[in-house]
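Enquirer: For reference, the structure I am asking about is given below.
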Amino acid sequence: MKSPPDGRFPPRLAAGGWAPLLAQSRGGFESLWVPGVVSLRAGSSGHAGPESSYDRSDYVQGFTTRKKATENGRCITKLENMGFRVGQGLIERFTKDTARFKDELDIMKFICKDFWTTVFKKQIDNLRTNHQGIYVLQDNKFRLLTQMSAGKQYLEHASKYLAFTCGLIRGGLSNLGIKSIVTAEVSSMPACKFQVMIQKL
Amino acid sequence: MSRQANRGTESKKMSSELFTLTYGALVTQLCKDYENDEDVNKQLDKMGYNIGVRLIEDFLARSNVGRCHDFRETADVIAKVAFKMYLGITPSITNWSPAGDEFSLILENNPLVDFVELPDNHSSLIYSNLLCGVLRGALEMVQMAVEAKFVQDTLKGDGVTEIRMRFIRRIEDNLPAGEE
């Protein structure tokens, strides 16, 4: 996945100004990038090779983990791209009978309610924005994660299950004329958050 | 697309769109990843097989069907229960071989191919080959080795889609000694 043009990750958020947008939102807003969370940013896996005592097994291990990390990154990119294509197709069909959207927020609400309901059979539980192009969509019981949320065992695999959905959101927004970067994070399954950064044209 | 009458069927319709488009994206991705159609077909079959070996468990848990006594009964269960449950269609069973070890599943409309057109340069792509893998994998888990292949496909201009199923042999249980 691309990093934002200014290269800042996490994005600096304006203090205050975050307002819950959906009626049923609850719970406070935590910091966006909790240490130890699974994130979808490519190259964030932190599998650096050992710095000292560079013996062979370390090297091999470092190499294989790194290789695994790139392989994993590639899979995630592919899944994201598949999601993008599907998102484009879906939004086209979902919006053919709807009224024209008023603004960006109106579009985000459509994604959180109608789009999410048709795809995942439930709404997004909490939508927040800083009114500067960043939206956080929180799903407290994300459907693709519920089957593997009994313990922490599969937490490291969660990113693979979220990549497609990130693409779905990005693809949907793209066809509505909004260019964006979508990342996901999970700290306790099955809850997860999708962060949408709108790219101004 | 015809306008849906009520919301209930509409929401069902939507999830079928998600399904169809996602399958389309999967096949498209495989076409990008592999150079020739044969490799894509092989890969789809393999993915289907892996789905099938897991899906049979879900199927048996949900459907409450018991053991089949012959291949005809198996064919019935596949067409009337399994296809109905997972794809929402009921293919018809025809063209039994005299020995009763081969039959055809005729799919009047295949939900996987809504919105799909095959480009000219993919003439040997078997778009829905995943289904064959699923059938093979699922039946293997209930001790039946079968061969499944597409012999007609609406995407290639045929009037219907036909999957030919051939019974190869019964797989003998090799349970560890002392287990029944």
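Bear in mind these aren't lab numbers, they're just calculated from the coordinates by the rules spelled out. Note that the structure is predicted; figures quoted are calculated from it, not measured. Cβ: placed from backbone, ideal geometry, glycine included. Neighbour counts: every protein chain shown.
Enquirer: Over the alpha carbons of the stretch A:61-198, what is the largest minus smallest coordinate on each principal axis, giving the biggest first in Å?
Expert: 55, 28, 27
Enquirer: Report the FRET efficiency, 1/(1 + (r/R0)^6), for A:Q61 and B:Y34, where r is their Cβ-Cβ distance and R0 is 35 Å, rounded to 0.05.
Expert: Rounded to the nearest 0.05, the efficiency is 0.70.
Enquirer: Suppose we keep just the alpha-carbon trace of the stretch A:121-179; what are its Rg and Dmax in angstrom?
Expert: 13.5, 39
Enquirer: Along Cα→Cβ, 7 Å out, is where each label goes; now give me the distance between the ones at A:K152 and B:D58 in nm to one decimal.
Expert: 2.9 nm
Enquirer: At most 13 other Cβ atoms within 10 Å and a DSSP loop assignment: could you name the trypsin sites (Lys or Arg not before Pro) in the stretch B:82-180 that fit?
Expert: Loop-located and lightly packed - none at all.
Enquirer: Over the stretch A:61-198, what is the relative contact order in percent, taking alpha-carbon pairs closer than 8 angstrom and at least six residues apart?
Expert: The normalised contact order for the stretch A:61-198 reaches 32 percent.
Enquirer: Related question: Using only Cα atoms, what Kirkwood radius does the stretch B:50-148 have, in angstroms?
Expert: Taking every pair of different Cα atoms in the stretch B:50-148, averaging 1/r and inverting gives 14.6 Å.
Enquirer: Once each part is reduced to its C-alpha centroid, what is the distance from the stretch B:11-69 to the stretch B:75-127 in angstrom?
Expert: With the stretch B:11-69 and the stretch B:75-127 each reduced to a Cα centre, they are spaced 13 Å.
Enquirer: Turning to a different aspect of this structure: Stokes-Einstein D for chain B at 25 °C, 0.890 mPa s, Kirkwood Rh over Cα pairs, in µm²/s?
Expert: The diffusion coefficient I find is 139 µm²/s.
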